[in-house]
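Since every read-out is calculated from the coordinates, none of them should be taken as a lab result. Because the structure is a prediction, the values reported are computed rather than measured. Ideal geometry is used to build each Cβ from the backbone, glycine not excepted, and the neighbour counts take in all protein chains shown.
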Amino acid sequence: MIDINLIRDNPELVKENIRKKFQDKKLGLVDEIIALDGKKRALQQEGDSRRAQRNSLAKNIGLLMREGKKEEAEKAKLLSKENNDRIAVIEAESAEAENRLKTCMMSIPNIIADDVPIGRDDSENVQGKVFLEAKEKPFEVPYHLDILESLGGIDLDAARRTSGNGFYYLLGDVARLHSAVLTYARDFMIDKGFTYCIPPFMIRSDVVSGVMSFEEMEGMMYKIEGEDLYLIGTSEHSMIGRFMGEVLNEASLPQTLTSYSPCFRKEKGAHGIEERGIYRIHQFEKQEMIVICKPEESDSWYEKLWNYTVELFVSMEIPVRQLVCCSGDLADLKYKSCDIEAWSPRQKKYFEVGSCSNLTDAQARRLGIRYKNSQTGKNEYAHTLNNTVVAPPRMLIAFLENHLQKDGSVYIPEVLRKYMGGKDKILPKK
RNA sequence: GCAGAGAUGGCGGAGUGGUCGAACGCGCACGACUCGAAAUCGUGUUACGUAGGAAUACGUACGGGGGUUCAAAUCCCUCUCUCUGCGCCA
């Protein structure tokens, strides 16, 4: 949600931003917001003076009662009742205007960064930097499921029986590798100065509706029957929710946190669980990083964050690239975003393994995350950023494809060996 | 899960229907005293919204939501959380 003052002062800028995102159907909302805002303010002024009247009448009635002037008090009561009827009407109108205003404000996209490439959809995203050479293998690389099976590392048949499509049993060294990647990533982020956090894996509906739109909620979130609880789709939900409605001490910023959690997703959206294997599943585990900082610091944090992910993947000897999200592909809350994509030697292309976003104050305004600015003494909205450190099931695809050897074994890079009991490779099951 | 008690400003804590945005204390800011400091004294010190250039004025908010009343921190309903005891459980 953007600052309404921006719409009051500079509606053209907001409209231009909407055009850049190819959401021209929303242009009318800007004028509607200006009208609603004016209406709301007019209603508030009348309401306020009516309420002032109610207060003074009530005060007067109290006085009259004490002086024993019962008749006069009764007369004043009637007057007050009349006034209150009018207040009720104004309040109803005002609530209606405010609701509509909020709905409109929620669909106005955040102002995007100047350097976001302009484009309609994901086909116009722009490749940024490339890290490590994306090499082709001298032999044919099998589908990741076949590699997993050759290592004795997965049982999808049983998972389908116990839980349905979109779940897996990981086994043996592959399961260990999965945990090793998470643990290594955790330590990697701790070394960068981040605070490790294990958050709640279920959150209440008010938190859910704070962090996502109703449509997103329908398509992603699993609800616990008979409880006001949802399974988190990412730890960002509970990590950001932690600061809802808070006024943070300026000295406590930046908050730099890295969190572990399982993630649960319905994946009801465009693709569904169609990809074979562990690319898109209902349950996976993820190490995440979030930053809450002062506005002037969010740009530099954004650069640092996505580079951490790159550094992590490079240390595991997996080629990656940055893919810069274009204006049309950018979610409404985002100021700027990029994906980190890993190289797939089988498909001979890159695929998404993480996503880094700077939401500036849009998410913070929606959730009421503020800090006390010591210069101005005012409470101001903080900036929020989030980024994937690593989500092992999906990154395992890149890992297996890149580190598969001709003999069917899988090479384990140096940095992971201490988490793998010293092993330098995983051998296929004969 | 059951029973009881409770949730008030940055913190502690009073207030049980009207003059309460809220006593008192702590903290914080400014000023006086002082060569300087401590102590002391004085003044100020919630947030949000609307109007205004500003001083300011008005409104809203006493865990969240709803209700009763001319009037709610105070009465009623409900939800959440905390404490105590019992129960249950890794």
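Give segment A:188-225 a look and list any residue that's surrounded by 14 or more Cβ atoms within 10 Å (Cβ to Cβ) and among the acidic types (D, E), or say none.
Across segment A:188-225, the qualifying residue is only A:E216.
Can you name the residue in segment A:180-229 that is in a loop (DSSP other than H, G, I, E, B) and charged (D, E, K, R) and is also farthest from A:V291 (Cα to Cα) among such residues?
By that ranking, first place goes to A:E225.
Identify the residue in segment A:33-43 that is of a type outside the set (A, V, I, L, M, F, W, C) and surrounded by fewer than 15 Cβ atoms within 10 Å (Cβ to Cβ) and, among all such residues, is farthest from RNA strand B (Cβ to nearest atom).
Checked segment A:33-43; the qualifying residue farthest from RNA strand B (Cβ to nearest atom) is A:G38.
Test A:G47 against the stated conditions and say whether it is surrounded by 15 or more Cβ atoms within 10 Å (Cβ to Cβ), near RNA strand B (Cβ under 8 Å from one of its atoms) and more than 30 Å from A:P109 (Cβ to Cβ).
yes
Residues of segment A:357-401 being assigned to a loop (DSSP other than H, G, I, E, B), polar (S, T, N, Q) and more than 13 Å from RNA strand B (Cβ to nearest atom), which ones?
Matches in segment A:357-401: A:T360, A:Q375.
Take the residues of segment A:86-116 that are part of a helix (DSSP H, G or I) and among the polar types (S, T, N, Q): which is farthest from RNA strand B (Cβ to nearest atom)?
Per the criteria, the residue is A:S107.
So A:K137 ticks every box in (1) over 30 Å from A:L333 (Cα atoms); (2) of a type in the set (K, R); (3) part of a loop (DSSP other than H, G, I, E, B); (4) out of contact with any strand residue (DSSP E or B) (no Cβ under 8 Å at 6 or more places or on another chain) but one. Which box is left unticked?
(4)
Any idea which residue in segment A:63-72 is nearest to A:I2 (Cα to Cα), counting only those that are assigned to a helix (DSSP H, G or I) and more than 7 Å from RNA strand B (Cβ to nearest atom)?
The residue in question is A:L63.
Answer yes or no as to whether A:D3 is near RNA strand B (Cβ under 10 Å from one of its atoms), surrounded by 17 or more Cβ atoms within 10 Å (Cβ to Cβ) and not small (G, A, S).
Details: near RNA strand B (Cβ under 10 Å from one of its atoms): yes; surrounded by 17 or more Cβ atoms within 10 Å (Cβ to Cβ): no; not small (G, A, S): yes.
Taking the combined requirement at face value, the residue does not satisfy it.
From A:N60, A:N55, A:N83, grab the single residue that is near RNA strand B (Cβ under 9 Å from one of its atoms), loosely packed, with under 12 Cβ neighbours inside 10 Å and either not in a helix (DSSP H, G or I) or not acidic (D, E) (or both). Reasoning before the result, please.
On the way: A:N60 fails: loosely packed, with under 12 Cβ neighbours inside 10 Å; A:N83 fails: loosely packed, with under 12 Cβ neighbours inside 10 Å.
Every option except A:N55 fails the conditions.
Of all the residues that make up segment A:147-182, how many are surrounded by 14 or more Cβ atoms within 10 Å (Cβ to Cβ) and of a type in the set (D, E, K, R)?
Residues flagged as surrounded by 14 or more Cβ atoms within 10 Å (Cβ to Cβ) and of a type in the set (D, E, K, R) within segment A:147-182 amount to 4.
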